[in-house]
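Bear in mind these aren't lab numbers, they're just calculated from the coordinates by the rules spelled out. Here the structure is a predicted model, which is why all the values come from computation and not from measurement. Note: ideal-geometry Cβ built from the backbone for every residue, glycine included; neighbour counts use all protein chains shown.
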Amino acid sequence: MSADPRRWWALAVLATAQFMVIMDTSIIGVALPDMQHDLGFGQSGLQWVFNAYVVAFGGLLLLGGRLSDLLGARRVFAAGWLVLIAGSVVAAAATGAGAEIAGRAVQGIGSALIAPSALTLLMALFAARPKELARAMAFYGAAAPAGGTAGVFLGGVITEWLSWPWVFVIYIPIGLATLALVPAVLPAVPGRRAGLDVAGAAAVTAGLGLAVYAIVQAPGRGWDAPATVLQLGGAVLLLALFVAWQRIVRGPLMPLSVWRTPGLAGANAAMALLGAAWIPMWYFLNLYLQQVLGYGAFPSGAALLPMTALMMVLMVGVTGRLIARFGTRPLIVTGLAVLAAGLLVLSAIDADGGFLTDVLPGSLISAVGMSLVFIPATMAAIGGVAPEQGGLASGIVNTTYQVGSAIGLAAMTAIATSQGAGRLGDLPALTDGFQAAFIGAAVVALAGAGLALVTLRARSVRPADEKESVGA
């Protein structure tokens, strides 16, 4: 089959989409203090500016992947941008906490359509050419963590020189430009006729949302409080019903047979724990920079640029070669262990600390860890599935990362709050809380390394593919 001459332009559009989708989880980080003041958020409720997006995003990614398989990935990709633009308008215009959370949820729905369809389109363009696929995955994979960290810097620039609503306004022209390019550069991947499991999507989204809400509220009312127990029990019940429903419904949202794919379960577990460690890291590091060290919005974003630059260099120039040489499992295990080491370094932050001593070393070590994990785990998760389940597999791997992020942030916020992070203005107490969050995230990353070592095959890349990937 001849190569699509538009494939590299298409990759640029898809990588930009991935960058923007993940940036949407982080661009609000620096703006949070201003949003808290203007919209009346409490310290614990503030994380719902993040979680409203992530819960909608993570809860609906399976549906987005399924829709990509059924309706065609290009069509779903375009629809996702329309929804993301609408959510951005609502979030930018919000005058209260409720409207802001609603806008963020709509943005999450749009992103849940964009992310799996983008990965499906990438696989359609490059799957038949392993050497090019490795290079394409390097650029696409680098776009995710780079977008997450670059969002902090860009959010700082916008908040410092404009105002926080502009962190949402910028998605409108970018979205419109992307929509204009869709018919010109993206292939029309056909869909296939099958049922659509709306009930399954509702059950899994409600279950995940209820779990995150219960964890967020638990520190204030107690882990053994009746409301906490009932909500966590309800979340478990909804997720169990979702799994049971997938066994009996025609056209399930997530056919359970997909989990027989070698490496899928282990790689997705690694992605979930990666998100649960990485997202709390940048969230609390940003709060430490602003609330303890007293950095403004722009300096706080600039402080994380070295981490972003290092990840881009490693992912684009190094990770692909390491995959070809060693396979995916050693990189996933090593990367999560390195991330844990970086988090432990960050746990030594001081109320009288500084950027060079307290922030830079740990953030750079953590960036190395992320660079070693993200692309190998993604490739291990989607590499073995059948083409007709490509959207589903990409939806699953995106879901596990985003849901891990949401639950990890909720859990680390609970830990930080219990250790003093809720006492604004009390710098030692804030620092104690942030230290506890970094230690908790390090434990999560170490658990991920151990789980990957046990569950993943020794080598997850075929030798023939490895040889072709060396030049990537």
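Quick look at the numbers
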quantity	calculated
Least to most buried among Y295, Y140, Y53 (fewest other Cβ within 10 Å first)	Y295, Y140, Y53
Neighbour net charge for A31 - beta-carbon separation under 14 angstrom, K R +1, D E -1	-4
Rounded to whole Å, sorted largest first: equivalent-ellipsoid semi-axes of the stretch 197-250, Cα gyration tensor	26, 10, 5
Distance (nanometres) between label positions extended 7 Å along Cα→Cβ at D224 and L181	5.6 nm
F242, F153 arranged by Cβ crowding within 10 Å, fewest neighbours leading	F153, F242
Three principal axis lengths of the chain [C-alpha, angstrom, descending]	64, 44, 44
Packing-based exposure ordering (other Cβ within 10 Å, fewest first) of V54, V236	V236, V54
Listed peptides 307-313, 336-342, 412-418, 348-354 by packing density, highest first (mean Cβ within 10 Å)	336-342, 412-418, 307-313, 348-354
